[in-house]
1. Towards the positive end of the charge dipole of segment 423-602, with charges on Cβ (+1 Lys, Arg; -1 Asp, Glu), say which of 534, 508, 565 has the farthest Cα.
2. Which whole-Hz ³J(HN,Hα) couplings does segment 233-242 yield from phi under the Karplus relation 6.51 cos²θ - 1.76 cosθ + 1.60, θ = phi - 60°, glycine and proline marked x?
3. Given the chain, what percent of its DSSP beta bridges are antiparallel, to the nearest 5?
4. When the convex hull of the C-alpha atoms of segment 423-602 is computed, what volume per residue in Å³ does it have?
5. In whole Hz and in residue order, list the ³J(HN,Hα) couplings for segment 45-54 that follow from phi through the Karplus curve 6.51 cos²θ - 1.76 cosθ + 1.60, θ = phi - 60°; x for Gly and Pro.
6. If amide H atoms are built 1.01 Å from N in the plane of the peptide, which residues on other chains or at least 5 residues away come under 5 Å of the amide H of residue 270?
7. Ignoring everything except DSSP H segments at least 4 long, calculate the 222 nm mean residue ellipticity for the chain; use -39,500 (n - 2.57) per segment, divide by total residues, nearest 500.
8. If the limit is 27 Å between Cα atoms, which of 48/285; 285/487; 391/499; 487/568 go over it?
Amino acid sequence: MSALGTALLTVAAGTLPAQPAYAAPPGPVIRADTNRDGRITADDDAGKDTWTRDRGALMLPNMDDDQRSCPTAGPDGVRLPDQRLADCDDASDNVVNGPADLADLAPLRISAAPHTTTDTTATVAADPASRKYVRIFAEREGRMVELRPGDRLTADELRHGIQLGVEAKDFVRDPRKWAGFTDIVLTVNRGGTTTQDRVRLRVAPLVFQHDLMPMQHMMTADHGTEPAEVERGKPYDPAVQPEPVEPGEAEFRRDLRRGLDQAGLTAPLYNYPTGGDVWMQDLFKTAYASIPAPGGREHRVTVIVRSADVMPGTATADFPLRDASRSAFPLLRGPGTGVIQQYDPGRVGSDDSQYYGSFSSTGNFGTLPPYTWQGHHYPVGRVLYGGTGGKESPDATFTRMLAAQGYQRPTAVDTSWLGVGHLDEFLSFVPARNDRGWVAVVADPDLGRSLLEDLAADGRGGEPLVRGIAPEDTEDPGLTVADALRKPSLTEGTEIARKGIDSALRTLREEAGLTERYVVRVPALFNRLDLPAGYPRRNVVANYLPGAANGVSTGTGVYLAPRQHAPKSDGQDVFERVTEKALSGTGTRISWVEDWDYSHHRGTVGGEVHCATNALRDMSGTRPWWTERD
C-alpha cells in the first residue's frame, strides 16, 4: 500500500501510531472534553491521551471571521490574489476576536493544585509535529492570551487552576503533512523534578450538507454585479432582488419563488454577485465543522468550500480559480462562516479543463443522505462525486482533502460519458417515506424514449418534440417526435447514457446498497454531442430536453424541477405526468420551474435548476458526526 493509502487509513481509523500511556502526575493535571459531553470533569481523565472514534477530545478549525476584520481588497481597491483572500480568518492571528471567537475555542483546563510550592513552574505546548497547526490560549487577568511553547505558568496560577482554549488553524488537507491530531502537553517542574501530563485532540472534519436538510436560502446569480465591486466595498444586500438581465431570468426567479412558497420557505431568494456566471452550483459547496457543546448540542462553524475549478485560458498564479466564486469572501465569510479553497497550483496553464470537462466544478459533487447498510452507519451521509481516476476526474488534491476528513467516506461514480461531466446531470436526492427516509431521483433515457414511441404509436409522431418554445430557440427547429426517434444522435445518446447510468447505479448498489427500492426513475432524453475533430473525448452526451433529475430538494417535501416542454397528452406534459407519478409515493411534490431560456438552452450543453442555484441549509437537525459507527 502507498504511504498516502496508509495515512488515509490511519485517519479513517481515528488513531495515531501507539504512544506510551501517561499516568496522571501527583500535581496539577490537564483535562479536555474527552468523553464529548460538552463539559470538563474528572470523568474525562480515562484515556485522555489517546483518541478513538468513541472517545477523544475535539477542536474546531477556526476558519470564520467573527469580527469581519479580513480585508477583501487592497489599497485603492486593488484585487487581492485568491490565496491572500483565503489566508485570512480568525486562526490567522494570535488574538481572540470577541465572545463568538472565544466560543470557537476547544476548552481545556488545568486543575487547581492548592499545595503547589513556590519553586514550581510549568509550560503547556503542543507536540512539535502539530505545533504549527494549533494555537493555545490561557485565561490571564480576565482575558484569553496566546500561550507560546516557552511561556511559563506560575505557581500561583497552578494553585488556582487555569482555563485554556485551543484552536486548529486548518482542516486536514493532506494526512502525509498533518493527520489532524495534537497532543497538548503540560510539563511541570518542581524542585528539579519534571513530570508531564497530556491530552490528545483531533480537529473536527469537514462535513458536507445533504439535500434532506431544510433550505434556509436558495441562492441565484446576480448577473449585473461584478464580484470585484463587492470586494471593493460596494454596499450589497443579497435579499434585494436585482433587475433581470438574462433571457428567461424573470420567469426562472418567479417559479423558484413559487416553489419555495409551496415548500413553506418564506425567506427571500438570496442573490450572489457573479458578473454573468449563471452556474451557481459550480462555484462552491457548503459544509460545516462541529464539536460537542453542553446539553448534547453541537457547536458549529459553517464552511464554504470553493470549487477547485482552475479556469482554462484565464487562470493565473494569483487568480487561478473561477472568478465568481470569489464573491463568497465578501458576501458569505463572517461570524460563524469561513471560506476555504483547495486546488493543485500545477493545473494553472493546463488545458485539461478545456478538453476533459469541468470535473472539479462543485456541481460534480453531492452527498448521499444518511443511511445504514450492512453494519455501516453514516449519520451525516457520504460524499459522492464523478470521476474515473484519470483526467476525467476532479482535482486530486481536492478529493484527497475530502478523504482525509475520515468521515462521509467519499465514493466516485464514472461521469466521463457526460459532456460537462457533472453528477447532477442525472442524479439527485429527495426525502421519502421509507426506511432510509430518502430516494435517489435518477434520469432514465430508456423511459424517455419509450414515451416518444408511445406518442408515435398513437399517431402523434408528427407533433413537435419541444412544446411551448419558439422553434428558433431550440437545437433542431421543427424536430418532430418521429424525427427524434430517427435522429442518430438521440438514439446513440440514449445508449451511451443508459450504460453510464447503469454503471453509476451498480457502483452505488455495491457501495451504499442503493437498490431499485431506493431509486425513482424519471424520463430523460440524452443527445450525443457533435464534437470538433481532434477533441480528446468522444461519445459524450447532454440532456436534450430539460433533465428532471437535475432539480433541487427543498428538504421540506417539495422538489424544484425544470419544466419539461415535452408533448402533451390529455392536457398534460407527458414527461411531467410520468415524473409526478414516479415521485407520488415518496411524499415529495414537484414544483415546476421554467429554465429553458435561462439555463437549459445556454451554451453547448446548458444546465438545469440545480446547476443554476445553490443553497444554504438549516443544520439545526443534524446528528453529531462523532456518533458514526463504521
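1. Of the options given, the answer is 508.
2. With the stated coefficients, segment 233-242 comes to x, 4, x, 9, 10, x, 8, 7, 6, x Hz.
3. Details: 75 of 101 bridges.
Around 75 percent of the beta bridges assigned by DSSP in the chain are antiparallel ones.
4. Details: hull volume 22.4 nm³, N = 180.
Looking at segment 423-602, the number lands at 124 Å³ per residue.
5. Coupling constants for segment 45-54: 6, 5, x, 5, 9, 10, 8, 9, 5, 8 Hz.
6. Under 5 Å from the amide H of residue 270: 218, 219, 220.
7. Working: 13 runs with 120 residues, N = 630.
Value at 222 nm, helices only: -5500 deg cm²/dmol.
8. On the way: 48/285 34 Å; 285/487 38 Å; 391/499 20 Å; 487/568 21 Å.
Result: 48/285; 285/487 exceed 27 Å.
No lab work stands behind these numbers, since they all come straight from the coordinates. Since the model is a prediction, treat every value here as computed from it, not as a measurement. Cβ sites come from the backbone with ideal geometry, for glycine too, and all protein chains shown count toward neighbours.
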